[in-house]
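Working notes, structure below.
The values are calculated or read from the model by the stated rules, or taken from the named source; none is laboratory data. Keep in mind it's a predicted model, so treat the numbers as computed, not measured. Cβ: placed from backbone, ideal geometry, glycine included. Neighbour counts: every protein chain shown.
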Amino acid sequence: MPAKKSETKSNTFSKLSANARLSLKYAQVIADDLFSREVTPMHLFLGIISNTDSLGSRALLAMGIDIDQVVRTFVGSKTFDLKASENRGNVAVRLSKESKDTLRIAYSLASKHSHVYVGTEHILMAILDQRDMTVSKDLASIGLNSKYFRDNLVNFATYPIGILAKPTAPESDQVSQGQLAMLGKDLVQLANEGKLDPLVGRDEELNQVINVLSRRSKNNPIIVGDPGVGKTAIVEGLAQLVAAGTVPNSLMNSRIIALDLSAIVAGSKLRGDIEEKMIAIINEVTDSTNVILFIDEIHNILGSSMVGGGMDMASVLKPALLRDDFRVIGATTTSEYTRYFEEDNALVRRFQPIFIDEPSIEETIQILKRVEPLLEKHHKVNISQESIEAAAKLSHRYVSDRFLPDKAIDLLDEAAASRRLQLEVKYKDVADVMGDYHDAVKHKEKAVLSGRMEDAKIWKKREQELKEKLEELEKKRSKSKDTAKYKVGLDTIQEVVSKWTGIPVQTIDSKETALLKDLESYLGSRVVGQEEAVESVASAIKRARTGISDADRPWATLMFLGPTGVGKTELAKVLTKLLFGDVDRLIQIDMSEMMEMHSVSKLIGSPPGYVGYREGGQLTEKIRKKPHSVILFDEIEKAHPDVLNILLQIMEYGHLTDGKGRKVNFKNTVVVLTSNIGAEDIQKDKVLGFSSALDLEEREDEKIEDAYDTMKEELLRKLKKTLRPELLNRLDDIVIFRSLTRKDARLIVKILLADLNDRLREMGVQAILSPSAIDYIVKEGFSEEYGARNLRRVLQDKVEDVLADYLLENPSVKKGNGAEKTLKFNMKNEKLQLI
């Protein structure tokens, strides 16, 4: 018999949470230090508040209870070394009868609310519920009673939703609203309270949902659409119609409960817990007859049982979905519907899919107009009509990996927040006073709760002073001309788009027109001797940016042909820098690594079940992270034909599907293919104009053009023999690069020197090359075989290395020690020297 009693006691205490056990141990230590033979409820309370990690202690602090004052009320200035309690072993202090009763009540509270463990919050509630105890009366004297604790506990941020909610509700209400109240929220009630955003448009889709819900059987609609197109908004719009009474009689007085699947799964430790909760929900819905469940991300009900051998939610729902007294609205994305839902035919036939498309720009603008007042009220700014239209148009144009209206709303929201914060920084004094004011209010309330009325009066006076100061500052600010700056305009929208995408602001705003006008001259200033190539590239970019080209394809798809060292890669770099502001947005793919059939997986990622599946593709992952880029496919002729099929899809449709089934958008890219087709033959055949015994600059212009035209015809002929016609037909232009002359090489040296001086300017130094020095670098770095490729290396060896040694030996010439120092290089004794 004693063994049984010991076993019962062990099982009882095993239900205490870890913090409850530690608090109980602290209570025993405190009782022992106070020379008490028993652990009383007062000791239990002191043990809980001493355990600062416990939920009970944190809840009391959040309620403004002065813990130190409470301790002084009970034990005066006595302190306890609880940290060393672990080394004291088991403290043999038994529980008093009142403490045992308190724990029994705590267990009853936990059982009543279906809690697996008994925590410090249950023990605190049990202490406060026993109003006749001395400790409860003492706590009530400082404003802490069971009602105050219970009311604040359900609002405490870390406490699970629904626990201890409406504890005094009648039994009938607890039955009808038990699981639904704890695991869902009533959208119709929220609509009545004005907490839902208005629905704009979507009349057709909303009518479809109403029609399906009004059916006799299989009256379960599932809304399918891409993320952010407004699936949840349609259900919220239906809730508002129900609240307004503008629905058919079959839906009148309905309650639309948005079910929280994560709340159902949370705390389900044993096999069958999830199924038990779902059965309870189904019973509640069928008993009430007017409840419609809304399950967002409904594909999660498949395979939702985390306990081995358990059924998932879908298996429990299937029989109920065939009944006419159980209605469910589901919502999921197109990809998840295809991937999960359509795999279960029994589940698919129980739902009627309603497919939602992305709204147009015009519809998005109307949606933003309805959202505008809410954003203005939240951010305290004025949003212009121009910014609303810009948010819809620019998000559609530049943010390609998301969908309207979600991305437009987020853009407008962030622009409003950004504008407000910019001005708040300017008025930091107001923010400082506001912070002091809130601190004073908190201290006042804390003093009132602790019964320190003199302190409360002091903080009340401080609160009033700060309030008057705040009003004075607000009046000054309202009179200031800067208040007009609390307006979200086109420039703010453009700045946020630039931050999101990495595209320079001038590429987005009206300055782009001027940039496009000067595009050819700018490219020509950086890429020497390639007038035809520059003109072709500039024309393709202008067509794309003015909206003439197909918006569903990349901005431009170009092929660069010509021998090495003539500027093909350099033109791609310059174009990247100009369009996207950063050379890092040039994605180079070496097609000589794609010679095998399986190389396709390198670009788009391996399919499921293969090595590297989770790593993603070299191309698709880079574009997903930086959708605004220039893609350079180098030496395209070396790639396997299956790899070229990938390029066909990019060039024609502007997107790819990677190994994980995700759609990757290429509509904001420039695709450049380079090839050395025919270059070897041209190097052998001097007639075609790439090189000759005489330098090209010494020939007559007519002969140069004839040689270029002949070379161009020969390259195009060889290109058509090598690459498939469907690839060539999808190109916007085939750009033929000329052979460079020594005159072009001199200009390239000057460009490289200008870049070097840009870097030297920070050190207060400028380098100058004499004409003879430039000729020397051209002689050493320019060749018929490699073009201008070695010019940079020669300049580095002959000039940059000398400059580095000079600066190390003469640190005084650096910036900050006088005027800019000019260092000149000239030829002396047939050597390039620093004079």
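A few remarks follow.
- Residues that are assigned by TED's automatic domain parsing to the domain that holds Glu276, surrounded by 18 or more Cβ atoms within 10 Å (Cβ to Cβ), not in a helix (DSSP H, G or I) and not acidic (Asp, Glu) do not occur anywhere in the range 311-324.
- Unmet criterion (only one of (1) outside any helix (DSSP H, G or I); (2) farther than 23 Å from Gln189 by Cα; (3) more than 32 Å from the chain's Cα centre (by Cα)) for Phe355: (3)
- Test: residue in the range 727-741 that is at pLDDT 65 or above, outside the structural domain of Val399 (by TED's automatic domain parsing) and assigned to a helix (DSSP H, G or I): yes
- Yes/no for Arg793 being modelled with pLDDT under 80, basic (Lys, Arg) and assigned by TED's automatic domain parsing to the domain that holds Leu747: no
- Residue match in the range 17-33 (condition: small (Gly, Ala, Ser) and free of Cβ contacts under 8 Å to residues at least 12 places away in the same chain): yes
- Residue count for the range 79-113, restricted to those that are under 52 Å from the mean Cα position of the chain (by Cα), of a type in the set (Lys, Arg) and modelled with pLDDT under 85: 3.
- Each residue in the range 26-43 was checked for being of a type in the set (A, V, I, L, M, F, W, C), closer than 15 Å to Ile123 by Cβ and in contact with a Phe, Trp or Tyr (Cβ under 9 Å, 6 or more places away or on another chain), and 3 of them qualify.
- Look at the range 329-348: where a residue is in contact (Cβ under 8 Å) with a residue 60 or more places away in the chain and a partner is assigned to a helix (DSSP H, G or I) and buried (at least 18 other Cβ atoms within 10 Å of the Cβ), sitting 6+ places away or on another chain with Cβ atoms under 6 Å, you get Ile329/Val235; Gly330/Ile298; Ala331/Lys231; Thr332/Ile298; Thr332/His299; Phe341/His299.
- Candidates are the residues of the range 269-310 that are of a type in the set (Ser, Thr, Tyr) and surrounded by fewer than 19 Cβ atoms within 10 Å (Cβ to Cβ); the one that is modelled with the lowest pLDDT is Thr289.
- Options Glu376, Glu362: the member that is farther than 26 Å from Leu421 by Cα, surrounded by fewer than 20 Cβ atoms within 10 Å (Cβ to Cβ) and touching a helix residue (DSSP H, G or I) at 6+ places or on another chain (Cβ under 9 Å): Glu362
- Against the test of being basic (Lys, Arg), in contact with a helix residue (DSSP H, G or I) (Cβ under 8 Å, 6 or more places away or on another chain) and either modelled with pLDDT of 80 or more or not assigned by TED's automatic domain parsing to the domain that holds Gly230 (or both), the options Arg349, Arg327, Arg339 yield a single qualifying residue, Arg327.
- Any helices (runs of 4 or more DSSP H) falling wholly within the range 203-271 and containing at least 3 residues that are touching a strand residue (DSSP E or B) at 6+ places or on another chain (Cβ under 7 Å) and either in contact (Cβ under 8 Å) with a residue 24 or more places away in the chain or of a type outside the set (Lys, Arg) (or both): 203-213, 231-244
- As a summary of the residue check, Leu648 satisfies the conditions (1) farther than 26 Å from Tyr398 by Cα; (2) surrounded by fewer than 16 Cβ atoms within 10 Å (Cβ to Cβ); (3) out of contact with any strand residue (DSSP E or B) (no Cβ under 9 Å at 6 or more places or on another chain) except for the one numbered (1).
- Any hit, the range 435-452, residues being over 24 Å from Met63 (Cβ atoms), aliphatic (A, V, I, L, M), in a helix (DSSP H, G or I) and at pLDDT below 80: no
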